[in-house]
Amino acid sequence: MKLNGHIFLIGFMGCGKSTNAAKLAEKTGARQMEMDEEIVKDQHMAVSKIFEVYGEPCFRDLETKLLKKLQDEPPMVVSCGGGLVLREENVRLMKKMGTIVLLTASPQTIYERVKNSTKRPILNGNMNLAYITELMEKRRSYYEQAADTVISTDDKTAEAICGEILEKGIWKQ
Ligand code: S3P
């Protein structure tokens, strides 16, 4: 399958962006990019360290800078950081470059998936269901407004989720 634009997987932390990006890349033959990983590689610093030393706005600037670079790249499957959609400019850039797929999951599912990780500065010190539920609610409209299509991931395998994404027929072949 030949994509003529990037596929952006967006959604809250733990919604399955990385896992499904890998599966989609496998299915489409496109390259996969993990935005967080790319930033870590470029900065030689963990995401939580960037937050700690330079602050969240600096991390958000790095996200926008990386997104702009994708304008010159061949189509790929991009696993976005959970906060990428908080900047309108980022959403505008993504819309220009391809299709935005929102992955969703219930707060309980998200909590189960992220609870043992310390890699997410936004959740460090707030690793509980109430906080996650509240933050998901605060961000909901950002995700929904950015999305071209929405896929629920609760109790589904990556194979099923990616099958659903591809069935949507939103890919320009
Ligand atoms: C963030 C999500 C993280 C990472 C950073 C901030 C957020 O990515 O970009 O910790 O604000 O939601 P994942 O969604 O891949 O965990």
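Would you mind finding the one in GLU52, GLU34, GLU63, GLU56 that is modelled with pLDDT of 95 or more and within 29 Å of GLU167 (Cα to Cα)?
Details: GLU52 fails: within 29 Å of GLU167 (Cα to Cα); GLU63 fails: within 29 Å of GLU167 (Cα to Cα); GLU56 fails: within 29 Å of GLU167 (Cα to Cα).
Being modelled with pLDDT of 95 or more and within 29 Å of GLU167 (Cα to Cα) holds for just one of GLU52, GLU34, GLU63, GLU56, which is GLU34.
The lone criterion from (1) assigned to a helix (DSSP H, G or I); (2) closer than 17 Å to GLY11 by Cα left unmet by ILE100 is number (1). Would you check if ILE151 is assigned to a helix (DSSP H, G or I), open to solvent by less than 40 Å² (accessible area, probe 1.4 Å), aliphatic (A, V, I, L, M) and in contact (Cβ under 8 Å) with a residue 40 or more places away in the chain? Taking the combined requirement at face value, the residue does not satisfy it.
Assess whether GLU144 counts as being assigned to a helix (DSSP H, G or I) and either within 21 Å of ALA25 (Cβ to Cβ) or in contact (Cβ under 8 Å) with a residue 40 or more places away in the chain (or both). The answer is yes for GLU144.
In the stretch 38-57, the residue that is nearest to LEU102 (Cα to Cα) out of those that are free of Cβ contacts under 8 Å to residues at least 12 places away in the same chain and either of a type in the set (Phe, Trp, Tyr) or loosely packed, with under 13 Cβ neighbours inside 10 Å (or both) is PRO57. Scanning the stretch 19-37 for residues that are free of Cβ contacts under 8 Å to residues at least 24 places away in the same chain and within 11 Å of the ligand (Cβ to nearest atom) turns up just one, GLU37.
Inside the stretch 73-100, residues that are within 11 Å of the ligand (Cβ to nearest atom) and open to solvent by less than 20 Å² (accessible area, probe 1.4 Å) make up a count of 7.
When GLN108 is tested against (1) surrounded by 18 or more Cβ atoms within 10 Å (Cβ to Cβ); (2) more than 12 Å from the ligand (Cβ to nearest atom); (3) farther than 30 Å from LYS2 by Cβ, just one condition goes unmet, and that condition is (1).
From the list LEU135, LEU123, which one is assigned to a loop (DSSP other than H, G, I, E, B) and open to solvent by less than 30 Å² (accessible area, probe 1.4 Å)? Full working, then the answer.
Values: LEU135 fails: assigned to a loop (DSSP other than H, G, I, E, B).
Of LEU135, LEU123, the one residue that is assigned to a loop (DSSP other than H, G, I, E, B) and open to solvent by less than 30 Å² (accessible area, probe 1.4 Å) is LEU123.
Which residues, counting only those in the stretch 14-29, are hydrophobic (A, V, I, L, M, F, W, C) and open to solvent by less than 20 Å² (accessible area, probe 1.4 Å)? Walk me through it before giving the result.
So in the stretch 14-29, the residues hydrophobic (A, V, I, L, M, F, W, C) come out as 15, 21-22, 24-25.
Of everything in the stretch 14-29, those that are hydrophobic (A, V, I, L, M, F, W, C) and open to solvent by less than 20 Å² (accessible area, probe 1.4 Å) turn out to be CYS15, ALA21, LEU24, ALA25.
Can you say whether LEU70 is among the hydrophobic types (A, V, I, L, M, F, W, C), near the ligand (Cβ under 10 Å from one of its atoms) and surrounded by 15 or more Cβ atoms within 10 Å (Cβ to Cβ), as far as the supplied structure shows? Considered against the rule, which asks whether it is among the hydrophobic types (A, V, I, L, M, F, W, C), near the ligand (Cβ under 10 Å from one of its atoms) and surrounded by 15 or more Cβ atoms within 10 Å (Cβ to Cβ), LEU70 comes out as no.
The values are calculated or read from the model by the stated rules, or taken from the named source; none is laboratory data. Small disclaimer: the values here were computed from a predicted structure and weren't measured. Cβ sites come from the backbone with ideal geometry, for glycine too, and all protein chains shown count toward neighbours. For accessibility, only protein heavy atoms count, side chains too; no ligands or nucleic acids. Shrake-Rupley method; radii C 1.70, N 1.55, O 1.52, S 1.80 Å.
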